[in-house]
Amino acid sequence: MKKILSVILIFVAFQNNALAEPSDIIISNEWARPILVTGRPGGAYFTVENKGTEADRLVSVTSTISPRLEIHEHTMKDGVMKMSQVDYIEVGPGENVELKPGGYHIMIFDTATQYKEGDQIDLTLHFEKAGAITKTVNVTSTAPNSKN
């Protein structure tokens with residue numbers, strides 16, 4: 001009886017933790033700016049769409065290109081643009097959040113190699129509920145679908 005009860009409790013706990021399916025979070029328009037000098041910081045950008053019924057949070061980003069990636073945002077205060085690290089980006093149900101130059105973005109520090117236009121890098125986006133989503137990101141000077 002204890003074994004059956006244990007299995008039922010594990011199943012219920014698993015179901016309660018699975019509030020967001022990986023398919024609820026859609027990543028699109030991903031790109032990164034070239035890093036032409038090894039060790040210089042770079043930036044990565046993308047759009048997060050939450051098709052689920054629960055809010056989720058992007059809490060960290062990792063990559064084989066660098067041991068240190070941070071979530072950052074630009075804010076305007078008293079006419080001065082400032083950049084600062086944030087702990088997470090919340091994406092509400094049915095919402096989109098665009099990471100772009102001048103807004104939320106991913107800073108890539110301490111790169112061991114340079115990467116240039118036409119290269120690809122990997123990013124693994126870690127969400128509080130949806131878990132890890134790995135994307136291959138094209139390196140380009142301009143955003144996809146950019147009018148420039």
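Which of (1) of a type in the set (Ser, Thr, Tyr); (2) buried (at least 17 other Cβ atoms within 10 Å of the Cβ); (3) under 23 Å from THR38 (Cβ atoms) is the odd one out, the single condition TYR104 does not satisfy?
TYR104 satisfies every listed condition except (3).
Which of the residues that make up the range 122-148 are of a type outside the set (Ser, Thr, Tyr) and under 15 Å from ASN29 (Cβ atoms)?
LEU123, LEU125, ILE133, LYS135, VAL137, ASN138, VAL139, ALA143, PRO144, ASN145, LYS147, ASN148, listed by residue number.
Matching residues to (1) part of a strand (DSSP E or B); (2) at positive phi; (3) loosely packed, with under 13 Cβ neighbours inside 10 Å; (4) hydroxyl-bearing (Ser, Thr, Tyr):
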position	(1), (2), (3), (4)
LYS82	yes, no, yes, no
ASP87	no, no, yes, no
GLY94	no, yes, yes, no
VAL97	yes, no, no, no
ILE108	yes, no, no, no
GLU117	no, no, yes, no
ASP122	yes, no, yes, no
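Return the pairs, sorted by first residue and then second, in which the second residue is part of a strand (DSSP E or B) and basic (Lys, Arg), the first residue lies in the range 110-134 and is within 28 Å of ARG57 (Cβ to Cβ), the beta carbons are less than 6 Å apart, and the residues are 6+ apart or on different chains.
ASP110/ARG68; LEU123/LYS135; GLU128/ARG57
What number of residues within the range 32-60 are of a type in the set (A, V, I, L, M, F, W, C) and surrounded by fewer than 19 Cβ atoms within 10 Å (Cβ to Cβ)?
Matching residues across the range 32-60 total 4.
Check GLY43, GLY39 and return the single one that is under 12 Å from the mean Cα position of the chain (by Cα) and among the small types (Gly, Ala, Ser).
GLY43
So for the range 57-79 (the condition being modelled with pLDDT of 95 or more, touching a Leu at 6+ places or on another chain (Cβ under 7 Å) and not in a strand (DSSP E or B)), does at least one residue qualify?
Checked against the condition, which is being modelled with pLDDT of 95 or more, touching a Leu at 6+ places or on another chain (Cβ under 7 Å) and not in a strand (DSSP E or B), the range 57-79 yields no hits at all.
Cβ-Cβ distance below 8 Å, separation of 6 or more or different chains: which pairs start in the range 72-95 with a residue that is farther than 20 Å from PHE109 by Cβ and end on one that is among the charged types (D, E, K, R) and surrounded by 11 or more Cβ atoms within 10 Å (Cβ to Cβ)?
Short answer, once both residue conditions are applied: GLU90/ASP56; GLU90/ARG57; VAL91/GLU49; VAL91/ASP56; VAL91/ARG57; PRO93/GLU54; GLY94/LYS51; GLU95/GLU49.
Would you tally the residues in the range 96-148 being touching a Ser or Thr at 6+ places or on another chain (Cβ under 8 Å) and of a type in the set (A, V, I, L, M)?
Here the count works out to 9.
Yes or no: the range 32-41 includes at least one residue that is touching a Gly at 6+ places or on another chain (Cβ under 8 Å), part of a helix (DSSP H, G or I) and at pLDDT below 95.
no
Restricting attention to the range 123-134, does a residue exist that is modelled with pLDDT of 95 or more, within 24 Å of ASN145 (Cα to Cα) and not aliphatic (A, V, I, L, M)?
yes
The values are calculated or read from the model by the stated rules, or taken from the named source; none is laboratory data. This one's a predicted model, so the numbers in the text were calculated from it and none came from an experiment. Heads up, the Cβs are rebuilt from the backbone with ideal geometry, glycines too, and the neighbour counts pull from every protein chain shown.
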